[in-house]
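What follows is one structure encoded as structure tokens, with my remarks underneath.
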Amino acid sequence: MTPRQKRILEIIETNPSLGISSVMELLGMGISVPSINRDLAELLRLGYILREGKGRYTSYKLSPSYLKIFPRHYSIRNLKG
């Protein structure tokens with residue numbers, strides 16, 4: 001997992017059900033939409049987040065399986081990877 005992906009998880013953890021534009025704004029790194037999409041796709045593949053909706057109404061939240069592995073009181077910053 002990349003540092004940016006960890007940061008995305010932190011953002012989604014503290015701001016549930018965010019869309020890509022909100023994630024980009026909170027990252028504040030000038031990252032391109034395709035890069036954020038790749039990171040979100042990888043986090044989806046790993047089962048860490050869930051996607052809700054379609055198109056411009058898509059939002060992301062932490063998955064229940066992720067929350068079992070890493071409870072909310074556990075800091076995402078401590079993840080290895």
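The values are calculated or read from the model by the stated rules, or taken from the named source; none is laboratory data. The model shown is predicted, which means the values in this text are computed figures rather than measured ones. So basically every Cβ, Gly included, is an ideal-geometry build from the backbone, and we count neighbours across all protein chains shown. Ligands, DNA and RNA are excluded from the accessible area calculation, which covers all protein heavy atoms including side chains. Shrake-Rupley method; radii C 1.70, N 1.55, O 1.52, S 1.80 Å.
Stretch Leu67-Glu25 to full length: gain in nm at 0.36 nm per residue minus the Cα-Cα span?
Details: separation 42, 0.36 × 42 = 15.12 nm, distance 2.42 nm.
Residue separation times 0.36 nm, minus the Cα-Cα distance, leaves 12.7 nm.
Taking +1 at the Cβ of each Lys and Arg and -1 at the Cβ of each Asp and Glu, which of Gly47, Met29, Pro16 sits farthest along the dipole of the chain towards its positive end, judged by Cα position relative to the Cα centre?
Value: Gly47.
Counting heavy atoms of the protein chains only and a 1.4 Å probe, report the per residue accessible area for region 7-58 as a whole number of Å².
Working: 3120 Å² over 52 residues.
Result: 60 Å² of accessible area for each residue.
Dipole size in debye (nearest 20) for region 1-65 around its Cα centre, Lys and Arg Cβ +1, Asp and Glu Cβ -1?
Details: 9 positive and 6 negative charges, 35 e Å.
Dipole of region 1-65, to the nearest 20 debye: 180 debye.
What does the extension gain come out to for Arg51 and Ser35, with contour length at 0.36 nm per residue minus their alpha carbon separation?
Numbers: separation 16, 0.36 × 16 = 5.76 nm, distance 1.68 nm.
Gain in length upon complete extension: 4.1 nm.
With n ≥ 4 as the cut-off for DSSP H runs, can you work out [θ] at 222 nm for the chain, using -39500 (n - 2.57) per run divided by the number of residues, rounded to the nearest 500? Present the calculation step by step, with values, prior to reporting the outcome.
Details: 4 runs with 40 residues, N = 81.
The helix contribution divided over the chain gives -14500 deg cm²/dmol.
Could you compute Rg(Cα) / (2.2 N^0.38 Å) for the chain, with N its residue count? Please report the intermediate quantities before stating the final value.
Working: Rg = 11.7 Å, N = 81, 2.2 N^0.38 = 11.7 Å.
Its radius of gyration relative to the 2.2 N^0.38 Å reference: 1.00.
Restricting to lysine pairs 8 or more places apart or on different chains, what number in the chain have Cα atoms under 19 Å apart? Display every interim value, and only then the final one.
Details: Lys6/Lys61; Lys6/Lys68; Lys6/Lys80; Lys68/Lys80.
Taking the Cα cut-off of 19 Å, the pair count is 4.
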